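Since the structure comes first, as structure tokens, the remarks are kept for the end.
We did not get these values from a lab; they are worked out from the coordinates using the rules stated. Computed from a predicted structure; not experimentally measured. A quick note on method: Cβ atoms are made from the backbone with ideal geometry, for glycine too, and the neighbour counts reach across all protein chains shown.
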Amino acid sequence: MDITLPSQLSVGLLSTALVLLDDQNKIIQLNPAAEQLLGFSNRHIESDSFFQLVNGDLSANAINVFREQEKSGFIEDVELRVATGAIRTNLMVTPCEIVTGDDLLLEFQTSAHLQNIRKDLQIQQQSRVSEHLIRNLAHEIKNPLGGIKGAAQLLARKLPSDFPDKYSQVIIREADRLGALVDRLLMPARPEVAQLVNPHLVIEQALEIVMLQFPAKITVKKDYDPSLPELLVSQNQIQQVMLNLIKNSAEALHPKIERAELTLRTRMMHQHTIGQSQYRQVLRIDIEDNGDGISDALSSDIFFPTISGKESSGLGLSIAQSLVQRHHGIIELDNRQQPTRFSIYLPVFTDSSQFS
């Protein structure tokens, strides 16, 4: 039997070993990478059970769980004994409806893929710690701040008419400024009401705002995928993410870099893994700059609050990461070589209930 896997399962995965199983875990088809990895071919399987040909740590019960729950899942670091010998691999299991309506797609992933998953999990953990920290800090600040402002207002009314009130006004003004910052930190824990938006429109609006501060000093290159669908997101929150990241890149470029270049790129990823969850489609937005980069000492902690490579509060990246993760996405930094690149990964949802 020759089953053609849907394009969303094969695009970008030509070197990844894929095995399609029916509802009885019999092998329907393997791709060439799976034939090479497992040591048998489509011509010789004759609808054999996968577990007749593959032994080791993996059991039928372990993969049937994903079929029953109708959810993709990841099995880390399993040892399999196959025709070519013993192999250690990572396995992504995805329920699908290709032949029997209750099939499973097994994707055998490399050690490099595992490293990316671990990196995502570390970033997600950092973001949870950061959000908990800054929300608690904001709550602790808000009450005494209100008291300071109230006392300053009362003092201003009690001062003699011939006494300058500029000092009390400074206290009130700065209390208001800190209050606005605290309100930003106490963001709602869930995305706002999601709506379908053109991702390029969100990027362009953020870019226009940032470029007003850096007129004609930065060359902006746009590499957009015109085939992208509309994205179901909380528009204000994602626009805030874009503002924070584009502004960071612009500040890294200005005024030090003589030929300052900012690149914005969009691409659609298929069957992409974020943490331990795999999504059928994920939008990737790259923000690149040819600035001086981020030091190795900072790069591993760059998403923690107050961590910054410039003179700022260091909250922008932490807030951006938190907002993206509320959409089940993630922001990753690639600082191995120029240009410095921040990549936003956002799963493509069709129903706002998927945010929960």
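Table for the structure above
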item	result
Residues 26, 158 arranged by fewest to most Cβ contacts within 10 Å	158, 26
Long-range amide H partners of residue 48 with built H, under 5 Å	27
Which of 341, 43, 177 has the fewest Cβ neighbours within 10 Å, and the rest in rising order	43, 177, 341
Order by protection proxy (mean Cβ within 10 Å, highest first), peptides 163-173, 71-81, 237-247, 285-295	237-247, 285-295, 71-81, 163-173
Difference of contour (0.36 nm per residue) and Cα-Cα distance, residue 143 to residue 24	36.7 nm
Low-density loop positions, GluC sites (Glu not before Pro), the stretch 34-68 - DSSP coil, at most 13 other Cβ in 10 Å	46
Peptide ranges 142-153, 321-332, 98-109 listed from the most packed, as the mean C-beta count within 10 angstrom indicates	321-332, 98-109, 142-153
Positive-end residue of 37, 50, 21, charge dipole of the stretch 18-59 with Cβ unit charges	37
For the stretch 218-234 versus the stretch 26-90, the gap between their alpha-carbon centres in whole angstrom	38
